[in-house]
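Trainee: Okay, handing you the structure first.
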Amino acid sequence: VPDDALPVYSIICALYREARSVNGLLSAIERLDYPAEKLDVILAVEADDHETRAAIAARKSRIPITLVPVAAIGPRTKPKALNVALPFARGAFSVVFDAEDRPEANQLRRALQAFRADGGNLACVQARLCIDNTADSLLAGYFTAEYAGQFDVFLLGLTAMKLPLPLGGSSNHFYTATLRAVGGWDAYNVTEDADLGVRLARFGYRADIIDSTTYEEAPAHFGAWLRQRTRWFKGWMRLVKCTTFHNCCIGLRPFKPLYLY
């Protein structure tokens, strides 16, 4: 697709205490094979996170950046910050990246190719996530194997069987209008990615995997790993509870939920 025919693409990142990651994140975004004037970069930062905001202000970027402060009230979660940023998205398509992400340069074009090739109800495409600090520790090595099984085997199997896709934590690409129509993210669910993947299926949409990779770091030490796993399992238990309640006796038939998150 010629550059002048490409749509505006919103990139949404929720940052909290990520001052050291700002330069790497913005450098990764600048390396994307996409016209700078067609990128809509939105950084949602907690209002009292002065260090991260200062790092963004100090970083000179060739891409315009919208900084959205997130009020320090209510749940202080990533999905809440994403919901605060979503109304500012100008793009027909939106993608979520984490602070440490390094997406392949072709990822936005690969996502657009998948959306335009679909003639049905595709609402989201997920890029593969790959750990690149495998040698840092045994935990990081375990994480690498786990992500390989998740994104190279398990999720591909779910898409082949046309089952709901529990999305990964980043590199989710959406039709922005569809994302708004299903209510955005659940601000109280700490595995908001998987929750949104299931909710898209409830609304009759589907998700798919694209052949592009985003590289990121895994926790290398037990403390960080334990906090992350505790958060993930808490979110998964909430997701399973809600999904079991709503899907009781109706199998996998897509339907709108009884409530919006």
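The values are calculated or read from the model by the stated rules, or taken from the named source; none is laboratory data. Keep in mind that this is a model prediction, so the values were computed, not measured. Quick reminder, even Gly has a Cβ in these numbers, built from the backbone with ideal geometry, and neighbours come from all protein chains shown. Note: accessible area is taken over every heavy atom of the protein model, side chains too, but ligands, DNA and RNA are not part of it. Shrake-Rupley method; radii C 1.70, N 1.55, O 1.52, S 1.80 Å.
Trainee: Hey, can you tell me all the residues within the stretch 167-177 that are modelled with pLDDT of 90 or more and either buried (at least 17 other Cβ atoms within 10 Å of the Cβ) or basic (Lys, Arg) (or both)?
Mentor: Answer for the stretch 167-177, where residues must be modelled with pLDDT of 90 or more and either buried (at least 17 other Cβ atoms within 10 Å of the Cβ) or basic (Lys, Arg) (or both): Leu167, Ser170, Ser171, Asn172, His173, Phe174, Tyr175, Thr176.
Trainee: Taking the stretch 136-156, which residues are more than 20 Å from the chain's Cα centre (by Cα), over 24 Å from Ala14 (Cα atoms) and either aliphatic (A, V, I, L, M) or open to solvent by less than 70 Å² (accessible area, probe 1.4 Å) (or both)?
Mentor: Across the stretch 136-156, the qualifying residues are Ser137, Leu138, Leu139, Gly141, Ala145.
Trainee: Is there a residue in the stretch 76-84 that is modelled with pLDDT under 95, closer than 20 Å to Leu25 by Cβ, touching a Leu at 6+ places or on another chain (Cβ under 8 Å) and buried (at least 18 other Cβ atoms within 10 Å of the Cβ)?
Mentor: No, the conditions are met nowhere in the stretch 76-84.
Trainee: Which of the numbered conditions does Asn133 fail, given that it passes all the others? Conditions: (1) at pLDDT below 95; (2) open to solvent by less than 10 Å² (accessible area, probe 1.4 Å).
Mentor: Looking at each condition in turn, Asn133 falls short on (2).
Trainee: May I ask you to list the residues in the stretch 59-82 that are closer than 11 Å to Tyr188 by Cβ and in a helix (DSSP H, G or I)?
Mentor: Residues satisfying the conditions are Pro79, Lys80.
Trainee: Working only within the stretch 1-44, note down all residues that are more than 18 Å from Tyr175 (Cβ to Cβ), in contact (Cβ under 8 Å) with a residue 40 or more places away in the chain and surrounded by fewer than 18 Cβ atoms within 10 Å (Cβ to Cβ).
Mentor: Listed by number, the residues that qualify are Tyr16, Gly24, Arg31, Asp33.
Trainee: Can I ask one more? I'd like the residue in the stretch 178-210 that is crowded, with 19+ Cβ neighbours inside 10 Å and of a type in the set (S, T, N, Q) and, out of all such residues, is farthest from Cys124 (Cα to Cα).
Mentor: Asn189
Trainee: Let me ask something else. Here is a list: Phe88, Phe93, Phe115. Which entry is at pLDDT 95 or above, open to solvent by 60 Å² or more (accessible area, probe 1.4 Å) and within 18 Å of the chain's Cα centre (by Cα)?
Mentor: Exactly one of Phe88, Phe93, Phe115 is at pLDDT 95 or above, open to solvent by 60 Å² or more (accessible area, probe 1.4 Å) and within 18 Å of the chain's Cα centre (by Cα), namely Phe88.
Trainee: Let me confirm something: among Val1, Val96, which residue is hydrophobic (A, V, I, L, M, F, W, C) and in contact with a His (Cβ under 9 Å, 6 or more places away or on another chain)?
Mentor: Going through Val1, Val96 in turn, just one is hydrophobic (A, V, I, L, M, F, W, C) and in contact with a His (Cβ under 9 Å, 6 or more places away or on another chain): Val96.
Trainee: Considering only residues that are hydrophobic (A, V, I, L, M, F, W, C) and free of Cβ contacts under 8 Å to residues at least 12 places away in the same chain, which ones fall in the stretch 45-69?
Mentor: Result: Ala57, Ala58.
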